[in-house]
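The values are calculated or read from the model by the stated rules, or taken from the named source; none is laboratory data. Note that the coordinates shown come from a computational prediction; the quantities given were computed from them, not determined experimentally. Cβ sites come from the backbone with ideal geometry, for glycine too, and all protein chains shown count toward neighbours. Heavy atoms of the whole protein, side chains included, go into the accessibility calculation; ligands, DNA and RNA do not. Shrake-Rupley method; radii C 1.70, N 1.55, O 1.52, S 1.80 Å.
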Amino acid sequence: MKLYKSIFAVLAAGVSLGFVSCDDDLDRPPVIVPVASYEVNTSMETFKQMFWDVAQSNGNSVIPVNADGDSIIIGGRVISSDMDGNVYQRVYVSDESGSMDIRVYGYDLYESYPIGQEVRINVTGLLVGGYGKQMQIGAPYNGGIGGMDKEEFMIRAQRNGLPVPSAVEPYVVTIPDLLSWSGITEKQQEWQCRLVKIENVTFVDGGVKQWCDKPGQTGSTNRDLKDANGNKIVVRTSDKSKFASQILPKGTGSVIAILGSFNGTWQLTIMDPKSGCIDGFEFVDTPEDPDTPVTPGDAIFSESFKSGIGNFTVKDENLPSGLSAVWKHDAKYGYMIATGYDNSSKVNYDSESWIISPQIDLAGKTSAYLSFDQALNYFKSLEIAKTQATVNVREVGAADWTTLTIPSYPASMSWDFVNSGSIDLSAYAGKKIEIGFRYVSTAEKAGSWELKNVTIK
């Protein structure tokens with residue numbers, strides 16, 4: 001298997017230095033094979049069971065000694081690489097029972113802990129907890145979990161033997177498998193942070209869009225990967241990764257990635273598109289039709305808001321006298337923005353306002369998925385934002401709206417756009433529907449909600 005061939009090439013070159021010399025008469029430095037003194041006493045499965053409730057509350061706890069008074073030692077093989085920056089300041093380690101996300105404040109971790117390196121880690125005294133309910137091990141940082149110093153990790157994480165890249169094999173799964181496992185505790189524990197392979201899939205907007213909307217900045221961008229039946233999973237990429245400005249590959253192939261979970265929704269992290277973890281696709285250097293506005297060919301409905309509100313309409317349920325409008329179009333940057341804050345008077349207002357799509361006909365469709373890009377800022381909290389900035393659906397002619405679950409949110413308040421992920425509308429297949437984006441604010445606090453690229457496929 002050509003797993004991460006460029007990463008492995010670096011590894012092989014480094015290891016071979018211990019055996020090859022330009023001059024056979026020169027003394028050759030010996031190859032030092034590390035031997036760990038730690039013995040693993042806790043499997044990944046057992047460890048996750050011990051601290052699962054803490055992770056699911058997004059809290060954290062200091063890892064104690066075990067029942068025998070000994071340090072808790074976990075171990076396995078490294079399945080990640082930070083060479084291209086999409087895996088950032090962390091190492092993923094996997095044994096047969098599960099995998100773990102370990103936060104490390106350091107760079108070029110792949111040089112000391114390459115893919116296939118067996119490690120045994122003393123985790124007693126570190127923190128364990130959750131971010132978006134994904135379990136992590138790390139050190140205290142601003143009341144939560146951050147990366148431990150690289151030097152501390154190198155003391156705690158003893159290497160055992162030389163790297164064996166061939167020992168790292170991804171687990172083959174399908175997108176329907178993953179969708180069926182959402183919300184099942186045992187499956188979340190087993191599959192969270194695994195290295196997986198998904199076959200016969202296509203990147204939505206492959207050959208057209210870049211991996212990231214804002215390469216070089218500090219946020220992340222979500223793209224969708226779909227199978228032949230339209231089932232989708234989010235691919236999340238750091239705007240600071242080395243391949244952020246590259247074009248998504250087009251065609252159909254297989255993808256190998258770290259399987260993450262954010263608030264129970266699966267998402268993939270690809271380490272390096274051209275290292276062998278993406279196979280069968282066509283790579284392009286320039287987007288197709290770069291001068292033409294992007295409208296996905298298989299879209300049932302699409303509105304970018306680039307030049308205005310389009311065929312959406314505004315419905316103000318509560319427009320206070322101090323505001324001329326809640327929803328406005330930003331012509332400079334090409335998006336809709338809602339806020340109950342008046343910048344001239346510096347006052348927050350109680351408000352409620354909707355933008356509602358035109359009728360969308362799903363006749364003849366057996367499935368449909370909604371997605372959009374959003375940025376959230378100045379809300380009292382991200383959890384509050386989830387209740388005050390909602391997306392809703394109703395059948396044409398119905399009075400009541402149904403609030404939809406948004407799979408992916410921004411990690412924090414900012415102006416960085418994040419894709420919502422795929423929202424299943426299959427319950428409305430064959431019907432005519434409307435989509436409504438509802439914004440609410442209070443006199444105590446009025447957040448800002450930016451919205452663009454609404455698409456139904």
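Key figures
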| quantity | calculated |
| --- | --- |
| Local electrostatic count, Thr42, Cβ distance below 13 Å [Lys/Arg +1, Asp/Glu -1] | -3 |
| Accessible surface of Tyr110 - all protein chains present, 1.4 Å probe, nearest 10 Å² | 40 |
| Cα-based shape type of the chain, given that a ≥ b ≥ c are square roots of the gyration tensor eigenvalues and the cut on a/c is 1.5 | prolate |
| Carbon/sulfur fraction of accessible area - the range 192-332, other protein chains in place, 1.4 Å, % | 42 |
| Surface accessible to a 1.4 Å probe, per residue, for the residues of the chain, Å² | 45 |
| On Cα atoms only, tilt of 5-16 relative to the major axis of the chain in degrees | 20 |
| Heavy-atom accessible area order for Ile145, Ile456, largest first, 1.4 Å probe | Ile145, Ile456 |
| For the chain: relative contact order, % (alpha-carbon pairs under 8 angstrom, 6 or more apart) | 13 |
| Counted charge near Ala446, where neighbours are those whose Cβ lies closer than 12 Å (Asp, Glu -1; Lys, Arg +1) | -1 |
| Size of charge dipole - the range 197-285 - debye, nearest 20, with Cβ of Lys, Arg +1 and Asp, Glu -1, no other charges | 200 |
| Contact order normalised by residue count of the range 310-457, Cα under 8 Å, 6+ apart, percent | 36 |
| Across Lys226/Lys306; Lys332/Lys380; Lys328/Lys365; Lys214/Lys242, pairs whose alpha-carbon gap is larger than 23 Å | Lys226/Lys306; Lys332/Lys380; Lys328/Lys365 |
| Cα centroid of the range 182-231 to Cα centroid of the range 426-457, whole Å | 23 |
| C-alpha long axis of helix 44-56 to longest principal axis of the chain, angle in ° | 30 |
| Heavy-atom SASA rank of Phe153, Phe283 (probe 1.4 Å, accessible area, largest first) | Phe283, Phe153 |
| Counting DSSP beta bridges with both ends in the chain, the antiparallel % (nearest 5) | 90 |
| Stretch in the chain that is longest and holds no GluC sites (Glu not before Pro) that DSSP places in a loop and that have at most 10 other beta carbons within 10 Å | 97-443 |
| The chain, helix-only ellipticity at 222 nm - DSSP H runs n ≥ 4, -39,500 (n - 2.57), divided by all residues, nearest 500 | -3000 deg cm²/dmol |
| Val31 accessible area, assembled protein chains, probe 1.4 Å, Å² | 50 |
| Estimated distance in nm for a label pair at Val347 and Tyr378, the labels positioned 7 Å out from Cα along Cα-to-Cβ | 1.5 |
| Charge dipole of the range 246-387 about the Cα centre (unit charges at C-beta), most positive-ward option of Ala325, Ala368, Ile337 | Ala325 |
